[in-house]
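Below: one structure, written as C-alpha cells.
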Amino acid sequence: MRLATIDLSFHHAAAGLVMATLARHGVAVEEWRRPHEAAFELLADGTADALCAAWLPGSHGKYFEPLAEHFEGISVMYTPYALWGVPDYVPAERVSSVADLTRLDVVARMTKRIQGIGPGAGISRFSREIMEAYGLEQYGYRFENGSLADCVNAFEQAVAEKRWVVVPLWQPQYLHATHRIRELHEPNGLLRGRDEATLIIRKSTLEQLPVSAADALRRLSPGNADITQLDRWIACEGMTPLQAGERYLQRGVAD
C-alpha cells in the first residue's frame, strides 16, 4: 500500500502506527511525506492509496472534499484541535484570551514574533485570520510561516529565556509532554474547534487488503494522549515512526 503522510512529526507518529499495524498482517507500505496540500495531491493523482491522517472537517476538509467519493474514512485515530498558547509562567490573570494580547501591559512584555509552521496547515490559516480579526499587527505582532523546527525552536528558546511568547500549536503535539502550555480562549470560533483525524483509504485499495488488516485498521483509535506519547518518542528519544508504532503495539494498547 502507498501511504501519503503530512510531513509533520505527529503525522509521522500516527503513520508509524498504521505501518506497524499493517506489517503485522503482511502488508508492505511505501510512504510518501509531503506538506499538507501536496499530500492530498498524491491522493488526487493516484500516487498514494491512503493518507494518515486527514483532519476533518475543519483543517483539511477543503483538500479532501473534491476526492471524498473515491475514499473511505475507516478510523478516527484522534481528535485534534488548533490552539494559541502561552507558557504557564505567563500569569493567567494577565493573559487568558487572545484579546488580552492587545492589553498595553501585555504588549509591552510579549514577544512580537508568532512563529508558525507551513502556510497550508490549518493552524496557519486560522492564525492569519486571528491576526486580522484582533488587529494584532497594529500592536507590533507578526505571524511568520516556517518549518515545525522553526516553531518548536522559537518557543523553546523563549521558554529558556523566560520570555512571554505565543505559540500557534495544536493537540496532539509532543511539546505538551515536555512543557506546560496554557491555551488562550478564542471566543469567535476562529480556531474551528475539534476535528477528527481520519485514516482515509481509497475504496478500491481497501477491497484488496486482507480482511484482518482492514479490521485492525478500523480498530485504531489511540487518541490525543497516545499520539502525543508516540510523537515524544520520535522527537525526544530518537525512535523512528515505525519503531514507535511497534513499541506502542507491543504494549498491548492496540491490536
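Some observations on this one:
- Segments classed as helices (runs of 4 or more DSSP H), wholly inside the range 206-250, with at least 1 members that are surrounded by fewer than 15 Cβ atoms within 10 Å (Cβ to Cβ) and either under 20 Å from the mean Cα position of the chain (by Cα) or at pLDDT 95 or above (or both): 211-218, 223-237
- Criterion: out of contact with any Leu (no Cβ under 9 Å at 6 or more places or on another chain), basic (Lys, Arg) and in contact (Cβ under 8 Å) with a residue 12 or more places away in the chain - qualifying residue of Arg34, Arg94, Arg24: Arg94
- Of the residues making up the range 155-169, those that are under 23 Å from the mean Cα position of the chain (by Cα) and part of a helix (DSSP H, G or I) number 5.
- Residue within the range 184-195 that is within 18 Å of Ala20 (Cα to Cα), at pLDDT 95 or above and surrounded by 20 or more Cβ atoms within 10 Å (Cβ to Cβ) present: no
- Any hit, the range 113-125, residues being more than 24 Å from Ala13 (Cβ to Cβ) and at pLDDT 95 or above: yes
- Among residues of the range 26-62 being under 17 Å from Ala14 (Cβ atoms) and assigned to a helix (DSSP H, G or I), the one that is nearest to the chain's Cα centre (by Cα) is His36.
- Contacts under 6 angstrom Cβ, first residue in the range 159-180 being farther than 11 Å from Thr228 by Cα, partner modelled with pLDDT of 95 or more and in a loop (DSSP other than H, G, I, E, B), 6 or more apart: Arg163/Thr111; Trp164/Val90; Trp164/Arg109; Val165/Thr111; Pro168/Gly116; Arg180/Asp88
- When the range 63-107 is filtered for residues that are assigned to a helix (DSSP H, G or I), assigned by TED's automatic domain parsing to the domain that holds Glu137 and among the charged types (D, E, K, R), the ones remaining, listed by number, are Asp100, Asp105.
- Residue within the range 90-99 that is under 29 Å from Pro241 (Cβ atoms) and at pLDDT 95 or above present: no
- Test: residue in the range 166-183 that is out of contact with any Gly (no Cβ under 6 Å at 6 or more places or on another chain), of a type in the set (S, T, N, Q) and either assigned by TED's automatic domain parsing to the domain that holds Ala39 or farther than 25 Å from Gly16 by Cα (or both): no
The values are calculated or read from the model by the stated rules, or taken from the named source; none is laboratory data. These numbers come from a predicted model, not from an experiment. Note: ideal-geometry Cβ built from the backbone for every residue, glycine included; neighbour counts use all protein chains shown.
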